[in-house]
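Computed from the coordinates by the stated procedures, all read-outs in this text should not be read as laboratory data. Predicted model only: the values in this text are computed from it and were never measured. Neighbour counts run over all protein chains shown; Cβ positions are idealised from the backbone, glycine included.
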Amino acid sequence: MTVSGETYAYPFSEPHRLDLDPFYAKLRAEEPLCRIRLPYGEPAWLATRHEDVRTVLGDPRFSRAAALERDEPRMHAHLRRQGGILAMDPPDHTRLRRLVAKAFTMRRVELLRGRTQEIADGLADAMAAGGDRADLVEQFALPLPITVICELLGVPFEDRGDFRIWSDAFLSTSKLTGQQVQDHIESMNGYMAHLIAERRERPADDLLGALVRARDEDNDRLSEEELVQLAVGLLVAGHETTASQIPNFVYVLLTHPEELARLRREPELVPRAVEELLRFVPLGAAGAFPRYALEDVEFGPVTVRAGEPVLVAAAAANRDPEVFSDPEGLDLGRSDNPHVGFGHGPHHCLGAQLARMELQVALETLLRRFPGLRFDGGPDAVVWKTGLLVRGPSLMPVAW
Amino acid sequence: MQKDGGAVGGDAGREEGDGLWEVAVDRERCIGSGICVGTAPGRFVLTGGRSGPVRAFVGPDGAVLDAAESCPMEAVTVRERGTGRLLAPEE
């Protein structure tokens, strides 16, 4: 382990499809904590080893809330003092997380599996009825998680045209201008405030209704602003990532035909395959959500000083040879798979169990209904999103 | 011992707790998310990728209840020592 003394521009390269820049592997082996500079904000450390990434994300000596007072390293020019659950530490963070954690336990999510399957089957029916080709993004990957989160939260599916556009503002690095980001976030917050007002008039048995009740029964548990931000966060996070991962997973499978054939032969591998794909796909396209050290923390010969920010490279941690055998290989039957695709620690993805279930249903349904699934026009016909925090196709022509 | 989720207060007085809580993690269910470790600092530790309590018996501490309520796998349980009454997670 060495310290080069160099500060690298980050991200190291423009994301290309789902390739992981080989420089991560070099750093992980030679300089697991290195200095980086994002386009804006102060320089930071970058952690690339699995163990270090978990420490930065899970150890209470690292804080998200501290970023609110700093010129945080970021991809976009303007500081967004959004606050919200992703900029809080326990115990404040716990107060909000507890309000929604119950709705996303594995037990509760399993109750949604039947309905999710119904939605997936309906989408597959519509694809099949339309001929022998489709855009997997528009006709399957987007409507599946959007329908599920709309029904869970209590947001009208008909409004998706609007909130899909606004959602990008929360994930934009360069796709939108600062003014567009601000306008979209205001539109989204206004839309959610309107839905919340409706719930107050007509209580309903959905998650939004439950949050409104929690707020109105006890003002100390949840402020009005927190209620709006939390609901918006659930709507955005509830579909953007899963909608990206469905075509990402299909892309990986279609470019690994031997593994795809194995999964078709052994569909009972689907849950393991989902975990392996979560490990294998570098979903993040940029650095985000730095943690600040509250005291000096030692990583081998490197000491992160109190007040210094650290970013993590989850995709690099997910290929750490200390943890995963043949880490660069795709093995859909991999049994021990402690990937950090959902993060780690108090901010571990709230919707992880929901995402897992949706991805399992999506994959199983596509394999079963479209045995001849292939790229329509080859992998080069896939159009990739740019300027967002996550990678994924915006258009994925498939045929069967 | 009462069964899981026995009526709170229903059998009050029949058995007495000693004021301590028993914290347990079902390692079969645990997915090693680290949520409990971050939510209740000093109360849980990951070993071999799975969580366990640092000490099985603790004085009353809201943070361990938070940890149990925040676990997506409902793998963390907190019980009153002596009576076995389940304090968290809520059913």
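General remarks:
- Tabulated pairs, the range A:344-362, first within 9 Å of chain B (Cβ to nearest Cβ), second surrounded by fewer than 24 Cβ atoms within 10 Å (Cβ to Cβ) and of a type in the set (Val, Ile, Thr), C-beta under 7 angstrom, 6+ apart or interchain: A:LEU350/A:VAL100; A:GLN353/A:THR105; A:GLN353/A:VAL109
- Looking only at the range B:48-91, and only at residues there that are of a type outside the set (A, V, I, L, M) and without any contact (Cβ under 8 Å) to a residue 24 or more places away in the chain, the one that is nearest to A:PHE104 (Cα to Cα): B:GLU69
- Helices (runs of 4 or more DSSP H) wholly inside the range A:1-115 containing at least 2 residues that are under 26 Å from A:ALA231 (Cβ atoms): A:92-101, A:106-110
- Single condition A:THR48 does not satisfy, out of (1) exposed (fewer than 15 other Cβ atoms within 10 Å of the Cβ); (2) over 28 Å from B:ALA40 (Cβ atoms); (3) within 23 Å of the chain's Cα centre (by Cα): (1)
- Hey, A:PHE104 touching a residue at least 12 places away in the same chain (Cβ under 8 Å) and within 14 Å of chain B (Cβ to nearest Cβ) or not: yes
- Close pairs (9 angstrom Cβ cut-off, 6 or more residues apart or separate chains): within 8 Å of chain A (Cβ to nearest Cβ) in the range B:36-47, among the polar types (S, T, N, Q) and part of a strand (DSSP E or B) anywhere: B:VAL37/B:SER51
- Residue within the range A:165-173 that is surrounded by 18 or more Cβ atoms within 10 Å (Cβ to Cβ) and more than 23 Å from the chain's Cα centre (by Cα) present: no
- Residue selected from the range A:36-50 under the condition touching an Asp or Glu at 6+ places or on another chain (Cβ under 7 Å) and closer than 24 Å to A:HIS348 by Cβ, by the criterion farthest from the other protein chains (Cβ to nearest Cβ): A:TRP45
- With respect to the conditions (1) in contact (Cβ under 8 Å) with a residue 60 or more places away in the chain; (2) touching an Asp or Glu at 6+ places or on another chain (Cβ under 8 Å); (3) under 30 Å from A:SER174 (Cα atoms), A:HIS93 falls short on a single one, namely (2).
- Restricting attention to the range B:49-88, the residues being away from chain A (no Cβ under 14 Å), hydrophobic (A, V, I, L, M, F, W, C) and assigned to a loop (DSSP other than H, G, I, E, B) number 1.
- Strands (runs of 3 or more DSSP E) (entirely within the range A:257-345) containing at least 3 residues that are in contact with a strand residue (DSSP E or B) (Cβ under 8 Å, 6 or more places away or on another chain) and buried (at least 19 other Cβ atoms within 10 Å of the Cβ): A:291-293, A:309-312
- Just one of (1) in a helix (DSSP H, G or I); (2) in contact with a His (Cβ under 9 Å, 6 or more places away or on another chain); (3) not basic (Lys, Arg) fails for A:SER174. It is (1).
- Check on A:ASP59, farther than 19 Å from A:ALA286 by Cα, crowded, with 16+ Cβ neighbours inside 10 Å, in contact with a helix residue (DSSP H, G or I) (Cβ under 9 Å, 6 or more places away or on another chain) and within 14 Å of chain B (Cβ to nearest Cβ): yes
- Taking each residue of the range A:191-219 that is outside any helix (DSSP H, G or I) and looking for partners that are of a type in the set (Lys, Arg) with beta-carbon atoms closer than 8 Å, six or more apart or interchain, yields A:PRO203/A:ARG213.
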